[in-house]
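Undergrad: One structure, pasted below without further comment.
The values are calculated or read from the model by the stated rules, or taken from the named source; none is laboratory data. Owing to the predicted nature of the structure, the values given are computational and were not obtained by experimental measurement. Ideal geometry is used to build each Cβ from the backbone, glycine not excepted, and the neighbour counts take in all protein chains shown. Heavy atoms of the whole protein, side chains included, go into the accessibility calculation; ligands, DNA and RNA do not. Shrake-Rupley method; radii C 1.70, N 1.55, O 1.52, S 1.80 Å.
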Amino acid sequence: MLLASAAAVASPAVAQNSGPSSVANAPSTADDIAALREQIQIMQAQLDKLQAAQSAQPVPPTAAPPAQAQAKADVPGWAKDTTIGGKAFFNVSSINHKSDGLDQSDNGVQTDVKRFYLTVEHRFDKVFSANLTTDFRYNTNGTSKDVLVYVKKAYVQAKLAPEFFVRVGSADLPWVPFVEDIYGYRYIENTLIDRTKYGTSADWGVHAGGTFGDGIVSYAVSAINGAGYKTLSRSSNTVDLEARISSKPMKNIVLGVGGYTGKLGKSAANLPNTEHRATRLNAVAAYVDSRVRAGVEYFTAKNWNNVTTVATDKTSGWSAFGSFAFTPKIAVFGRYDWVNPNQETNGPLNENYFNVGVSLQPVKNIDLALVYKRDSAKNGVISTSNGNIGGSIDGTYDEFGVFSQVKF
């Protein structure tokens, strides 16, 4: 392009000097044109090299917009290391609850908010952090007409390595939260020992745990007050212990065993001597992948409800659960529990519970499920998260409705 332009400029000059008076200057003009062409060729070669070099360089990443960068810089230091979240369990359902053929007070159609957790977590540095989680409950089982708010978690944590952390305060206990993660449908129902009140999910004390081998083996141990997270008082002069060890010997296989021993917050120094120590053993085996969950949980307990009585008692029970996801958003699920709560004091009493349903996740962090529950007990009464089931002869509990979970 440059060569053509130079030739066009040079042509008029040649035409203007083509008269008789220019004959003496012709050789000089021809040399000038040749030199100009040579310079143009050199410049064109340099320009080609420069364009090739620019084409070979990677395109630099787009810088963050100045407004975003300024907004990020304006966030206070404490806010950068603080997260706020929540989780809520809602349901609209119809209950038909009978004891010895008589209707119970929770019958009918109701909207229920079984749990509403708000969590604030702050990280001080790579080691220290703190967690505060409130537990809100409204009108559960139709028997409480007020709003109940508890502090479920309130602890300071020091995580020294993946293999060891320690928490002081109210925090997750080793067993129930572990099984909830495997089960995957806590918003439908509590897991086995939580549902039948042979264990709880959190308590006040000192908690430690960790993982080895990229999560292949994990452990947790808690030294606690024993009365549960809803009771913060020096109501016992002994310390209870709960522990768990679990493993993933294969990618989708989960195995776990655990135990509990203590007096459940009932051994205060000013009370009569407690007769017994409550004990419990737990085991779970499960298969979990992106589409299938299937597992079995078992427990046996001794004197769980007889710490302050002369009589002794034993309890055992098991749960089988499973789910299958047709798509990432639609799944079917089911569960069956069997419990014999009073093997020594009322052997004929047993409880049978099951639920079935289909779940849908319309958007991320929102789960909906159409559920049917059935609970029955004969020859006595057992206390559960759905109320007292049974009667002097028998009792039944049927519930059908829409259950939901919202996380943020």
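Undergrad: Non-local amide H neighbours of ALA268 (under 5 Å, H modeled in plane, Pro and chain starts lacking H): which ones?
TA: Sorted by chain and number, the residues that satisfy this are ASN237.
Undergrad: How far is it, in nm, from the label point at THR312 to the one at LEU360 when both lie 7 Å from their Cα along the line to the Cβ?
TA: Those two pseudo-labels are separated by 5.4 nm.
Undergrad: Still on this structure, I have one more. In this model, which of LYS251/LYS314; LYS159/LYS407; LYS266/LYS373; LYS248/LYS373 are farther than 29 Å apart at the alpha-carbon?
TA: Distance filter (> 29 Å) returns LYS251/LYS314; LYS266/LYS373; LYS248/LYS373.
Undergrad: Of the peptides 101-112, 346-357, how do they stack up when ordered by the mean number of other Cβ atoms within 10 Å, highest first?
TA: Those peptides, ordered most packed to least, come out 346-357, 101-112.
Undergrad: Using modelled backbone amide H atoms (1.01 Å from N, in-plane), which distant-in-sequence or interchain residues come within less than 5 Å of ASN107's amide H?
TA: When sequence neighbours closer than 5 places are left aside, the close amide H contacts are HIS97.
Undergrad: May I pose another question? Can you list the HN-Hα couplings for the range 188-195, worked out from phi with the Karplus curve (6.51, -1.76, 1.60; θ = phi - 60°), rounded to whole Hz and with x for Gly and Pro?
TA: 7, 6, 4, 6, 3, 6, 6, 5
Undergrad: Can you give me the % of accessible surface on the range 268-372 that is carbon or sulfur? Probe 1.4 Å, all protein chains present, nothing else counted.
TA: Reported share for carbon and sulfur atoms: 62 percent.
Undergrad: At a 10 angstrom cut-off on C-beta neighbours, averaged per residue, how do the peptides 323-329, 274-280 rank from highest to lowest?
TA: The packing order, highest mean first, is 274-280, 323-329.
Undergrad: How much length is gained on full extension from PHE212 to TRP338, taking 0.36 nm per residue of separation minus their Cα-Cα distance?
TA: The span from PHE212 to TRP338 would gain 42.0 nm if fully extended.
Undergrad: Still on this model: Could you work out the local net charge near GLU242, counting Lys and Arg as +1, Asp and Glu as -1, over the other residues with Cβ closer than 12 Å to its Cβ?
TA: Net charge around GLU242: -1.
Undergrad: What does the extension gain come out to for SER383 and GLU275, with contour length at 0.36 nm per residue minus their alpha carbon separation?
TA: Computed gain between SER383 and GLU275 is 36.7 nm.
Undergrad: Measuring with a 1.4 Å probe in the full set of protein chains, what accessible area per residue, in whole Å², belongs to the range 169-248?
TA: 37
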